[in-house]
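Below you'll find the structure, written out as structure tokens, and then a few comments.
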Amino acid sequence: MAIHEECGVFGIIGGRRDDIARDVYHGLYALQHRGQESCGIVVNDDGVFSAHKDLGLVGEVFDETQLNALPGGCMAIGHVRYGTTGGNTRSNIQPMVVSHQKGNLALAHNGNLANSLDLRDSLELSGAIFHSTSDTETICYMITRERLKTDSIESAVLSAVKYLEGAYSLVMMSSTKLLAVRDPHGFRPLCFGKREDGSFVVASESCALTAVGAEFIRDVKPGEMLVFQSETPSADPVSYMGEPASKKSPCIFEYIYFARPDSVIDCIAVHDTRVRAGQILAREYPVEADVVVGVPDSGLDAAIGYSRESGIPYEIGLVKNKYVGRSFIAPSQDQRTDTVRIKLSPVKSVLEGKRVVLIDDSIVRGTTSKRIINILREAGAKEIHLRISSPPFRHPCFYGVDIDSEDKLIANHHTPEEIASLTGADSIGFLPLESLGEMSGCADYCSACFDGDYPTKIPTDPRKDRFEKKLSEAR
Ligand code: SF4
């Protein structure tokens, strides 16, 4: 798997002031799967912002000392981020904090702007100076610029987002307000809930609400801005609806891979979608086999679905070492090889002499699948029938997911039969593109990395190359 996560955002307002940084810490822990390279927390102590952020996992960046050093406050936000080794600079770590004539702004962003280069070019030509390579700083700049011209943060954000194209789920704080904003397409998830003590919590995924004891209220709607006030922290948020997009297009890959299976996104349970994907695969690509095995973690739910539909027993045939990061964190090919072997270990008694249906969520370059199939062969599997719970990747993503460039995507150069041969599988089957609606239970979604049908304008060549380069640097 060579796909990189995007980011996770979290915010809280109200509740026990002294525990607020610790609450964000627990929320970020629940969102760790969305970004493992850096993280940060900003606490708003009645208008005074204090931040701690650094490179590393949540548990590495924050210990008792760091958490105790952050003050209590009326609200706080946090962020987990993915970045490559080369571009994972400290200046890109979020939340970003800006001080301006009218106060402070702290902002955490999940997603990527498709027009970030155009925006940045025009801002730089008008005198703006940026300190990072992240499009998040561009959003900060746009909002701050509008804030200086308007009389409220709400007006500033509503004006600024008119310039933004692409994916942005934002959680931000002014001196007195917590805001949650989701782009009109709704590419990235964002939801909020409430705790018994009256505090409100905003998070990328509902699993983070559960982690801090908040009851899920609803998803932030595509194009919606929610405003929570520090003077009345228990009052329901005020909702503002911006310009609607022609079509909502939440990322279908959140359901297939990114989100945690215990999350619910846009009223759809992620686990259920993955089980359905497995059931569809069993109908579309039946095979005589002895056992169904999922590649942990995101292949497990689909393996259950395949087993249920086919009647072939589901077994744990691969065990994941929980203490190894996802293989894509490895910066070099050699290191990735090691990581797959250390991360996944075969259960020989399940596999030896068996005809195995192996379920994984996707194939990017094919190298990871080949290694996993090797591991199964070495454990004595007689046949391996690979079933993939997504359609073949054919295109890059401009909305916050680091999918390899087109020339590196195996499905761009090879037929399914060739991919089976290259990976060492006896047969292969991909989830049909036209089944994504049945899988997710929604009519509108983004599936551009599979079909090339982008919901927004995308950078055109040669800018596209530059965009991808900048994106890579920013990560
Ligand atoms: S292009 Fe793919 S990964 Fe990117 S938002 Fe669309 S479905 Fe998600």
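The values are calculated or read from the model by the stated rules, or taken from the named source; none is laboratory data. Remember, predicted model here, so these are calculated numbers, not experimental data. Ideal geometry is used to build each Cβ from the backbone, glycine not excepted, and the neighbour counts take in all protein chains shown. Side chains are part of the model used for accessible areas, which takes the heavy atoms of the whole protein and leaves out ligands, DNA and RNA. Shrake-Rupley method; radii C 1.70, N 1.55, O 1.52, S 1.80 Å.
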Net charge dipole size for the chain [Lys, Arg +1 and Asp, Glu -1 on Cβ; Debye, nearest 20]
440 debye
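Would you please name the chymotrypsin sites (Phe, Trp or Tyr not before Pro) within region 241-323 that are DSSP coil residues with at most 12 other C-beta atoms within 10 Å of their C-beta?
On the way: sites: 253, 255, 257, 258, 306, 314, 323; in loops: 323.
Within region 241-323, the qualifying chymotrypsin sites (Phe, Trp or Tyr not before Pro) (loop, at most 12 other Cβ atoms within 10 Å) are 323.
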Carbon and sulfur: what percent of region 264-451's accessible surface (1.4 Å probe)?
48 percent
Cleavage-rule hits (GluC sites (Glu not before Pro)) in region 250-313: DSSP loop, at most 14 neighbouring Cβ within 10 angstrom:
288
I'd like to know which of 351, 279, 388 lies farthest towards the positive end of the charge dipole of region 264-451, counting +1 on Cβ of Lys and Arg and -1 on Cβ of Asp and Glu.
351
Helix 20-30 sits off the longest principal axis of the Cα atoms of the chain, rounded to the nearest 10 on a 0 to 90 degree scale, by 20 degrees
What are the aspartates and glutamates whose alpha-carbon lies under 14 Å from the alpha-carbon of residue 102, with same-chain residues fewer than 8 places away excluded?
146, 151, 154
On average, how much accessible surface per residue is there in the chain, in Å², for a 1.4 Å probe, leaving out ligands, DNA and RNA?
38 Å²
Cβ-based charge dipole, the chain, positive-most Cα from 270, 156, 422
422
From the square roots a ≥ b ≥ c of the eigenvalues of the alpha-carbon gyration tensor of region 7-249, which class results: rounded (a/c under 1.5), prolate (a/b over b/c), or oblate?
rounded
Would you mind pulling out the separation of the Cα centroids of region 220-240 and region 344-371, in Å?
46 Å
Rounded, prolate or oblate: pick one for region 192-297, where a ≥ b ≥ c are the square roots of the eigenvalues of its C-alpha gyration tensor, a/c under 1.5 means rounded, and failing that, prolate if a/b is larger than b/c, else oblate.
oblate
Restricting to DSSP H runs of at least four residues, report the calculated mean residue ellipticity at 222 nm for the chain, -39500 (n - 2.57) per run over all residues, nearest 500 deg cm²/dmol.
-8500 deg cm²/dmol
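Is region 264-451 rounded, prolate or oblate when judged by the Cα gyration tensor, a ≥ b ≥ c being the square roots of its eigenvalues, rounded requiring a/c under 1.5 and prolate requiring a/b larger than b/c?
Since a/c stays below 1.5, the shape of region 264-451 is classed as rounded.
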Too-long pairs where the Cα-Cα distance tops 19 Å, listed order kept, from 162/457; 248/457; 149/221; 149/457
149/221; 149/457
Nearest 10 degrees is fine. How inclined is helix 135-149 to the longest principal axis of the chain, computing both from alpha carbons?
20 degrees
So what's the gap between the Cα centers of region 150-166 and region 18-97, to the nearest angstrom?
25 Å
Interchain or sequence-distant (5+) residues whose placed amide H lies within less than 5 Å of the amide H of residue 104 are 175
With charges only on Cβ, +1 for K and R and -1 for D and E, what is the dipole size of region 264-451 about its Cα centre, in debye, rounded to 20?
740 debye
Give the Cα extents of the chain along the principal axes, in whole Å, largest first.
70, 49, 40
